[in-house]
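What follows is a set of notes on a single structure, which appears directly below.
The values are calculated or read from the model by the stated rules, or taken from the named source; none is laboratory data. Please read all numbers here as calculations on a predicted model, not as lab measurements. Cβ placement follows ideal geometry from the backbone for every residue including glycine, while neighbour counts extend to all protein chains displayed.
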Amino acid sequence: MFAAKGFTISRDDSTYECFPSLARCRDGRIVLAYRESDGHKAAKYTRVIVRVSDDNGASFSERKVLIATEQTDGVLLKYNCPKVQQLSDGTVLVICDRYPTPPGELTGGGAESRVVFFTSSDNGDTWSQPRDTGVHGIMPDEVVELPDGDWLMATQFKPSDLGFIAQCVSRSADKGKTWGAPVTVAAVKGLHLCEASIVRLPVGELVCYMRENSGKGLPAYKSFSHDGGKSWEGPYETMMGGCHRPVAHMTRSGKVLVTYRHQPGNHTAWAKNTFAFIEPIESALEKDRGKQTGIVLPLDHDRSPASDGGYTGWVETAPGEFLIVNYIVDDAPKAQIRGYRIREADF
């Protein structure tokens with residue numbers, strides 16, 4: 001029977017450690033970013049944390065605090081959900097949305113939220129101060145660098161005329177200095193489409209995997225772009241039932257690997273299971289769910305009565321070998337950061 005090899009990366013019972021993301025630098029260093037706060041929703045304080053590993057994730061450095069905020073006069077400038085990546089020029093980039101709470105994340109449809117960049121030119125040893133990009137919306141995805149030099153970055157909104165969450169993408173033609181108005185990736189009455197993860201396939205198409213947040217246990221959806229993100233078609237159902245916060249990348253073998261929280265509905269226990277899913281490019285491009293192919297692999301189960309987790313990140317440490325990070329409560333009083341090692345052969 002398969003069991004993912006889980007291990008503790010960080011457990012501090014005095015704080016809520018959550019929403020991890022991973023990047024593997026070209027020199028082999030692994031950079032981990034996550035948030036510390038007083039809880040999942042965060043009302044009193046937030047801290048964006050970075051740690052690095054130079055031994056393929058066997059150990060991580062002491063925490064480095066990129067930014068810390070506390071509630072002042074009843075309002076917290078909340079740093080929400082960081083993501084980390086290494087850009088083609090070698091810059092390590094941490095992306096995070098921030099907004100005042102109260103009122104909260106989708107006040108004004110998302111207009112109150114701004115995306116900020118932290119950058120490092122030395123693989124995570126030192127970091128810049130946060131730079132406001134001017135991009136609105138919450139839950140930013142990693143930057144997608146296109147062959148023509150443009151950048152794409154996904155965020156989500158809740159337009160008042162739609163009444164449901166819509167997934168959008170913004171474009172920069174000057175490597176993130178300025179950004180254009182958001183373009184709609186998917187907006188459908190009756191569906192809350194959010195928490196995008198965009199993959200650029202070797203054939204050139206962009207696939208945007210999205211959580212559906214109605215609480216009905218619907219599958220992840222995906223939309224396609226054939227023109228570098230200028231226009232999108234979809235959304236279409238995927239095989240990943242009850243998928244929350246997909247994190248999708250290409251493997252070195254040429255498949256798409258997605259890690260995600262499995263949440264079959266609102267009338268069951270919350271955030272008990274975390275899964276991985278792998279599919280070939282042909283399946284990633286397939287619109288008909290009945291013709292898609294792929295395999296689901298269980299990663300972890302949260303035994304806590306106050307379970308929470310399933311926001312993940314992953315890197316390929318060697319061909320066919322993966323390091324995954326997740327936040328989970330399980331045997332701790334508050335959320336902790338846990339790692340797992342799996343192989344492509346495990347699917």
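Just one of (1) touching a strand residue (DSSP E or B) at 6+ places or on another chain (Cβ under 6 Å); (2) within 19 Å of Q156 (Cα to Cα); (3) without any contact (Cβ under 8 Å) to a residue 60 or more places away in the chain; (4) not in a strand (DSSP E or B) fails for S128. It is (2). Which of the residues that make up segment 203-220 are buried (at least 24 other Cβ atoms within 10 Å of the Cβ), within 18 Å of L285 (Cβ to Cβ) and not hydrophobic (A, V, I, L, M, F, W, C)? Of everything in segment 203-220, just one residue is buried (at least 24 other Cβ atoms within 10 Å of the Cβ), within 18 Å of L285 (Cβ to Cβ) and not hydrophobic (A, V, I, L, M, F, W, C), namely Y209. The set of residues in segment 168-179 being within 20 Å of E195 (Cα to Cα) and not polar (S, T, N, Q) consists of C168, V169, R171, W179.
Rundown of residues vs (1) modelled with pLDDT of 95 or more; (2) farther than 15 Å from G313 by Cβ; (3) among the aromatic types (F, W, Y), yes/no style:
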position	(1), (2), (3)
T8	yes, yes, no
R26	yes, yes, no
Y34	yes, no, yes
L66	yes, yes, no
V75	yes, yes, no
Y79	yes, yes, yes
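If the condition is being over 18 Å from R245 (Cβ atoms) and not in a loop (DSSP other than H, G, I, E, B), then segment 76-97 contributes L76, L77, Q86, V92, L93. For P20, the requirement of being in a strand (DSSP E or B), in contact (Cβ under 8 Å) with a residue 24 or more places away in the chain, within 25 Å of P319 (Cβ to Cβ) and not hydrophobic (A, V, I, L, M, F, W, C) is met.
Yes or no: A269 over 19 Å from L32 (Cα atoms), of a type in the set (A, V, I, L, M, F, W, C) and over 21 Å from the mean Cα position of the chain (by Cα)?
On the way: over 19 Å from L32 (Cα atoms): yes; of a type in the set (A, V, I, L, M, F, W, C): yes; over 21 Å from the mean Cα position of the chain (by Cα): yes.
It is true that A269 is over 19 Å from L32 (Cα atoms), of a type in the set (A, V, I, L, M, F, W, C) and over 21 Å from the mean Cα position of the chain (by Cα).
Can you tell me which residues in segment 30-52 are surrounded by fewer than 22 Cβ atoms within 10 Å (Cβ to Cβ), touching a Ser or Thr at 6+ places or on another chain (Cβ under 9 Å) and farther than 17 Å from T126 by Cβ? D38, K41, A42, A43, K44, Y45, R47, listed by residue number. Within segment 273-298, residues that are within 17 Å of R200 (Cβ to Cβ) sit with their Cβ atoms under 6 Å from residues that are in a strand (DSSP E or B) and at pLDDT 95 or above, at 6+ positions apart or across chains, in these pairs: E279/V256; P280/K255; A284/V207; A284/V256.
Within segment 225-244, identify whether any single residue is free of Cβ contacts under 8 Å to residues at least 60 places away in the same chain, surrounded by 23 or more Cβ atoms within 10 Å (Cβ to Cβ), in contact with a strand residue (DSSP E or B) (Cβ under 8 Å, 6 or more places away or on another chain) and among the charged types (D, E, K, R), and answer yes or no. Looking for residues that are free of Cβ contacts under 8 Å to residues at least 60 places away in the same chain, surrounded by 23 or more Cβ atoms within 10 Å (Cβ to Cβ), in contact with a strand residue (DSSP E or B) (Cβ under 8 Å, 6 or more places away or on another chain) and among the charged types (D, E, K, R), one finds none in segment 225-244, hence no.
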